[in-house]
Amino acid sequence: MEWTGDARLAAGAEAVRYLEAAFTPGAQLGTVYDDPSTPVVVTGIERLTTIRIPSGRLIVDAPWHDDEVMDYENGSPTEPPRELAQRIPPGTYPVEIAWTAGPYEFFGEHFDGIECAATRIRLSDEPVAGWEMGLGIHDDLDRLQPGEEVRFFSDANIGCFADAEAWPTLVAPFRTFVNLSPVERETERLPDDCERVSDETRQADLVTFTAESGGVVWLGRTRTGAVATIVVTSGLAGAKA
């Protein structure tokens, strides 16, 4: 039986075009801002690391929020993280970043315009037949407005993938503050300023990635409805891809 998703979650035409091009080296995603003659092109896919999700429950959120810093320091309760409603098979999966280049000039200085187009967890190599938004367990589908994109927010332009059951341990290094200042954290440093934290007791991981202002989570589904990939596209809400 072929999968038929909920139309309220289905990616629009522009989002589909972006998602299908973002992980295709050589594809054009658009043009440089204020310079329609210069294309923004996907330059390559980088395998950042792997992540262990033994519970099958995935959190996609910012590892900390600036408005909760006092609560972190005082040990007060905070808002729950954004756990996806979609469960995935427990396992170890690659985390990959799609990079683009769009050269530009600013005040006479030239820049290569290298940017992160999207980040994904690749669950399988099966082709994606359709895209839909990944709702969180606390999101109400019935309140979703036409064209609305549900997203997580990040003050520091950082998002993360993490196993939900190990979340308190995995996120602790990012939420340790003294006098409202972060304590230097001991994490595994990855390329491109990304970080990884592991909970060896649960054999689970957290991996950070660039997420400008947060991001929208997209589920790439196969013809049977299985999730082949989970992609985060970031940027200001309402901005063009």
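The values are calculated or read from the model by the stated rules, or taken from the named source; none is laboratory data. Quick caveat, the model's predicted, so the values are computed rather than measured. In this analysis, Cβ positions are derived from the backbone assuming ideal geometry, glycine residues included, and neighbour counts consider all displayed protein chains. Keep in mind that these areas ignore ligands, DNA and RNA; they rest on the heavy atoms of the full protein, side chains included. Shrake-Rupley method; radii C 1.70, N 1.55, O 1.52, S 1.80 Å.
Structure notes:
- Residue in the stretch 11-25 that is in contact with a helix residue (DSSP H, G or I) (Cβ under 7 Å, 6 or more places away or on another chain), within 30 Å of Arg87 (Cα to Cα) and touching a residue at least 40 places away in the same chain (Cβ under 8 Å) present: yes
- Cβ pairs under 6 Å, 6+ apart, first in the stretch 35-52 and over 15 Å from Glu115 (Cβ atoms), second among the small types (Gly, Ala, Ser) and modelled with pLDDT of 95 or more: Arg52/Ala204
- Checked against (1) open to solvent by 50 Å² or more (accessible area, probe 1.4 Å); (2) touching a residue at least 60 places away in the same chain (Cβ under 8 Å); (3) in a loop (DSSP other than H, G, I, E, B), Ala156 meets all criteria but (1).
- Restricted to the stretch 168-178, and to residues there that are in contact (Cβ under 8 Å) with a residue 60 or more places away in the chain and out of contact with any Pro (no Cβ under 6 Å at 6 or more places or on another chain), the residue that is nearest to Ser234 (Cα to Cα) is Arg175.
- Screening Arg185 against (1) exposed (fewer than 14 other Cβ atoms within 10 Å of the Cβ); (2) out of contact with any Pro (no Cβ under 8 Å at 6 or more places or on another chain) leaves a single unmet condition, (2).
- Residue within the stretch 207-221 that is under 16 Å from the mean Cα position of the chain (by Cα), surrounded by fewer than 19 Cβ atoms within 10 Å (Cβ to Cβ) and among the small types (Gly, Ala, Ser) present: yes
- In the stretch 102-129, of all residues being surrounded by 18 or more Cβ atoms within 10 Å (Cβ to Cβ) and of a type in the set (A, V, I, L, M, F, W, C), the one that is farthest from Ala162 (Cα to Cα) corresponds to Val128.
- Of Thr50, Thr78, all but one fail to be open to solvent by less than 90 Å² (accessible area, probe 1.4 Å), among the polar types (S, T, N, Q), out of contact with any helix residue (DSSP H, G or I) (no Cβ under 6 Å at 6 or more places or on another chain) and under 28 Å from Glu195 (Cα atoms); the exception is Thr50.
- Among the residues of the stretch 81-100, those that are surrounded by fewer than 17 Cβ atoms within 10 Å (Cβ to Cβ) and touching a Gly at 6+ places or on another chain (Cβ under 9 Å) comprise Ala85, Arg87, Pro89, Pro90, Gly91.
- Some residue of the stretch 12-19 being in a helix (DSSP H, G or I) and exposed (fewer than 13 other Cβ atoms within 10 Å of the Cβ): yes
- Selected residue (criterion: nearest to Arg47 (Cα to Cα)) from residues of the stretch 130-148 that are open to solvent by 60 Å² or more (accessible area, probe 1.4 Å) and not charged (D, E, K, R): Ile137
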